[in-house]
Amino acid sequence: MRNSILRRRRTELVGGAAVLLALAVLPLPIGDVYTQNLIIITILFAGLAQAWNILGGYCGQISLGHALYFGFGAYVSTLLFVRLGIPPAFGMLAGGAVGGLGALLVGWPCFRLSGHYYAIATVVVGEIGWLLFLNWDFIGGATGVYVPFKGDSWVALQFRTAKLPYHYLVLGFAAATWIAAFLIEGSRWGFAWRAVKDDFVAARSLGVRIFPSKMAAAAISGFFTGMGGAIYAQYVGYIDPDSVMAGALSILIPLPAVLGGVGTLWGPLLGAAVLIPVSELSRSYLGGSGRGVDLMIYGALIMVVALARPQGLVSLFGRRRGGPDARAA
Amino acid sequence: MTLDIILQAAIGGLLMGLIYALVAAGLSLIFGLMDVVNFAHGELMMLAMYAAFVLWQVSGLDPLLLLPIVVVVMFGLGMGVYRGLIARALSVRFNRGMVQIFVTFGLAIFIRGAAQFTFGGEFRSITTGVVANRTAEIAGVFLPLPQVAASLVCLAAFAGLLLISRTEFGHALEATREDRDAVALIGIDRDRIFALGWGLGAAAVGIAGVMLATFYYVSPNVGANFAITAYVTVALGGFGSLGGALVAGLLIGEVEALTALVLEPSLKQVGMFVIYLAVVLFRPRGLFGTL
Amino acid sequence: MKRRELLLSAGAVAMAGSAARRAQAADEIVIGAVYPMTGNAAPIGADAKVSLEMTAEIINGSHPPIPTLMGQGGGLPALGGAKIRIVMADHQNDPQKARAEAERLITQDKVPVLIGSYTSATAATISQVAERYEVPYLSMDNSSPSLSARGLKWFFRTSPHDEMFTVAMFEFFRDIGAKTGHPVKTVALIYEDSIFGTDSSNVQRALAQKAGIKVVADIKYRGNSPSLSTEAQRLKAANADVLMPSSYTNDAILMLRAMNEIGYHPRAIMAQAAGFQEQDFIKASGALAEGVLSRSSFAVDAVKARPAIPAVNGAYRAKNGKDLNDNTARQVTGLQVLADAINRAGSAKPDAIRQALVAANVPGEQLIVPWKGVRFDATGQNVAATPVIQQVTNGTYRTVYPFELASLDAMWNVGG
């Protein structure tokens, strides 16, 4: 049994490397800037979904307030850059740290809540954060923060029109989240959480200490989400509470993971690869008419995928490991 | 900050709170029955508002008279949503909780797009009717008639829901809520109960929508303005508890109104959010939740 | 003629025809317009589409000449009659999406110039894209002062911004006070919590202080609220001479109703346009909207000063069932100015268009708006844009200030 697990893990690692390589060369023959942008946004959201997946998928804590950590990361990194001149290459680590800290602070009192109450609590905390930021003049309030362009630079994570550097930046980010998920999947925590989802009482009786492991998951998830926020800020060049902290974003972050396959390694990427292009392309080529057709397509797609593939799109590619999921989260 | 300002704000909060309560009631009903958090609840309300507006525009009748028609339509719509979508979502073997969340979320986006497609993005308003734009003044306190009517209707709706809970159907609902796997043994068609439950939940939010349309604008995104409040109300009251929805709705309506007096009104929702967190940290299942 | 020659000449004619068609397609200037086509501001985007396409038709089409800038039709004369074509893109009020759409229009549709975008957050990223790709971005309806204060080379704004609009408001207060003997002593500010409300109220606060007018209520409210009754209560308690709201359409509707519900009827309301200038607001508010004052960049009744108004407004009305308003008139004007600049540039190259915009000096008489004209300063802001003050009279906005342009006297209940 142990050998087959190891073999599977090795296969997955090889698969991961192959996908990484493929994505690394993907943009090279593509000259169209819009497509490059589409790929960047897709990979960024794949990374964010994977970061969420660590807490929401593997650990089973359905957080619907992750935009809070994303926003923390975006604001910390950007303000450090704009006010103190600290380049985002370092700022994003600080952003990640604040994101992780935020997740810990939220997790500590809220993990004791069961499923839906926990989810609403995360929504509420997210809303409070967004409202506070909207009204907090020190960080710019509703006016937002412009990221001044000071020339192409890897340290400042800024490039005038070049897309390739951003592509590798988000690819590195997504790869890091994938590796984190990979490691967690094979770790004691990963097994413990799967045990908890199947039978909470039995898991406890085995001496698994759940709470500290959940806190760790929160910290890791929050850290990566914050880093994603910092990267986003440098890519878009302007942030305000509505675009980096609003509740709608908190729903969009886990969506690729849920549709791709929650608690799986490839689910988030698969889900992002389907959802983001559909959303972006339908807006770009159908949205201009203002008829709402793009929304209808997007909504219908979510419903269809959720119903047709409840284990997620990964189930299209073979057996789902790890048996049936627990009762409703 | 004089007493009559506080009093007026408190009354406004009460009136609004009853509307929140009714919106939450439908949500709580559906959840209590089958463990589904309906993320399209706000959009169902929006559809009810459009139904009221269109019927008013076409017939010129008072929206209060149109209420029964819209209720019936919404009941049917709720059953339709269940049969067409939710029943399928419930039959999945994996990940049921998440599938429900995101199926209804997809439905919400779809309905919003469809509303924009059908009606356009304009803000519509019902401008005539027996309560439209009228206010009663009693002892220096202003009671806007649309909100008063809405509150009375909401109370009546709650009474109705209470009555229904005493009937055989209500008992079947309760039984299904308690143990949805075992009810088949006592001859309850679970599927039919679920469909009726969805119909009831949609009808409840439909009533709230029609009453809202007598004083609130109608647009494709209007559901989002009430959604967060509705979910927090349900959670605060306790998922599955109708009484909880009533109490929580009133509480949240009050807190929101009074917070706007004390803090900058742009922060008025912070009050209800803090209350939710405070309550749930001591009572992890909300005020009256049993699930 | 021998059959072969006939075939050859027919072929030659066909080829010449198709070459002409190809050349015609090439003789087209595509302008990228980024607007909110879905979401709460979707009606604005829908109206913008109509106003822009109608203006393009006026510029391109064959019709009797209209006495306005580029109103003679037939396309751009200096480019051989090249036609203007508008491509609409949806930014969904998200700066990231606005950035992506602006970039797409530049790189895929190869637009040499961008226009848009109604909301400030989206204008922030669109202008950044324009700056990086060195393509002019002509903002025609964004009113936040901060947008033109960032040292951008490729940003131009034909519209006045909220500071200019608010200056007009306070000048009106001063002059109407002098005229009627009932000056404004107190104002109440109420504004929504996004950039628009914050920027607007900042200017109003500063100008009130300068004018020695006391701000007796300063209320920031949550946009898209289920209820504004407590906010209305606070306004009633303050009981200012003039209520100065900065709100979008839905909140404007709710606010007036909320005030009416508690029996509060402000002596005067001076709105920062936006929602208060929208038809949905007028329709919803009915009698409650009577007497509401608003700044505007357009006066549909200034026909004597701007004789082109009936023709242009008529064309818009025919397509959309309502008159041009503050937003749509600015879009018409912006596109006219842009087309004129492209024409003067004699080229579709972004750099040439930019130079032409820098040199723009359009006299007000050639526009449909009552401005002194269009002339951009070093920051790209049109400094010759002069707003008017209007008042809802019998369900439509009529111009009441400047007094020379007024079509009737303002109804002024302050101090009465």
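Read-outs: derived from the displayed coordinates by stated rules, not from any lab. Note that the structure is predicted; figures quoted are calculated from it, not measured. Every residue, glycine among them, receives a Cβ derived from its backbone with ideal geometry; neighbour counts consider all protein chains shown.
Brief remarks on what is shown
- Taken residue by residue and averaged, Cβ atoms of other chains lying within 10 Å of the Cβ of B:221-232 number 4.
- Average beta carbon contacts from partner chains per residue of B:280-290, 10 Å cutoff: 3
- Once the Cα atoms are used to define both axes, helix C:229-238 deviates from the longest principal axis of chain C by about 60 degrees.
- Euclidean distance between Cα centres, the range C:307-349 to the range B:257-287, Å: 49
- Lys/Arg +1, Asp/Glu -1 at C-beta; the range C:113-202 dipole; positive extreme among C:Gly116, C:Phe196, C:Phe165: C:Phe165
- The residues packed around B:Ala260, meaning those with a beta-carbon under 13 Å from its beta-carbon, carry a net charge of -1 if Lys and Arg are +1 and Asp and Glu are -1.
- Given C:Lys236/C:Lys319; C:Lys349/C:Lys372; C:Lys185/C:Lys322; C:Lys236/C:Lys372, the pairs whose alpha carbons are separated by over 32 Å: C:Lys236/C:Lys319; C:Lys185/C:Lys322; C:Lys236/C:Lys372
- Among A:Asp137, C:Asp175, C:Asp280, sorting on how many other beta-carbon atoms sit within 10 Å of each Cβ, with the fewest leading, yields A:Asp137, C:Asp175, C:Asp280.
- For the pair A:Trp108 and C:Lys153, label points projected 7 Å from Cα toward Cβ lie 5.1 nm apart.
- Simple spin-label estimate for C:Val383 and B:Thr127 gives 4.3 nm between the two label positions (7 Å along the Cα-to-Cβ direction from each Cα).
- At most 11 other Cβ within 10 Å, DSSP loop - trypsin sites (Lys or Arg not before Pro), the range B:76-138: B:Arg93
- When +1 charges are put on Lys and Arg Cβ atoms and -1 charges on Asp and Glu Cβ atoms, the dipole computed for the range B:21-160 relative to its Cα centre reaches about 460 debye.
- Hits among aspartates and glutamates - C-alpha to C-alpha of C:Lys110 under 15 Å, sequence gap 8 or more where chains match: A:Asp32, C:Asp27, C:Glu28, C:Glu101, C:Glu134, C:Asp351
- Partner lysines for A:Lys214 [C-alpha distance under 19 Å; skip if fewer than 8 residues away on the same chain]: A:Lys197
- Simple Cβ-charge dipole of the range A:2-253, Lys/Arg +1 and Asp/Glu -1, about Cα centre, in debye nearest 20: 980
- Computed over chain A with a Gaussian network model linking Cα atoms closer than 10 Å, the most mobile of A:Gly91, A:Gly16, A:Gly100 is A:Gly16.
- Taken about its Cα centre, the range B:139-291 carries a charge dipole of roughly 100 debye when the Cβ of each Lys and Arg holds +1 and the Cβ of each Asp and Glu holds -1.
- Listed residues A:Met227, A:Ile179, A:Gly140: farthest to the positive end of the dipole of the range A:2-253 (Cβ charges): A:Ile179
- Taking a straight Cα-Cα cut-off under 12 Å and skipping sequence neighbours fewer than 8 places away in the same chain, the aspartates and glutamates within cross-link reach of C:Lys214 are C:Asp241.
- Gyration tensor verdict on the protein assembly as shown (Cα atoms; rounded if a/c is under 1.5, prolate if a/b is larger than b/c, oblate otherwise): oblate
- Residue order, fewest to most beta carbons within 10 Å, for C:Ser285, B:Ser91: B:Ser91, C:Ser285
- Residues whose amide H lies under 5 Å from that of C:Ile31, counting only those 5 or more places away or on a different chain, are C:Arg85, C:Ile86, C:Val87; hydrogens are built 1.01 Å from N in the peptide plane.
- The order of A:Trp178, B:Trp198, going from fewest to most other C-beta atoms within 10 Å of their C-beta, is A:Trp178, B:Trp198.
- The modelled label-to-label distance between A:Val14 and C:Lys185, using points 7 Å beyond Cα along the C-beta direction, is 8.8 nm.
- Cα gyration tensor shape of the range A:2-253, rounded if a/c is under 1.5, else prolate or oblate by comparing a/b with b/c: oblate
- Shielding of A:130-136 by partner chains, average beta-carbon count, 10 Å: 4
- Prolate/oblate/rounded label for the range A:1-128 (Cα gyration tensor, a/c 1.5): oblate
- Calculated on the alpha-carbon coordinates, the convex hull of the range B:3-282 measures out at 138 cubic angstrom per residue.
- Site-free segments of chain C were taken between GluC sites (Glu not before Pro) in DSSP loops having at most 15 other Cβ atoms within 10 Å, sites themselves excluded; the longest one is C:135-289.
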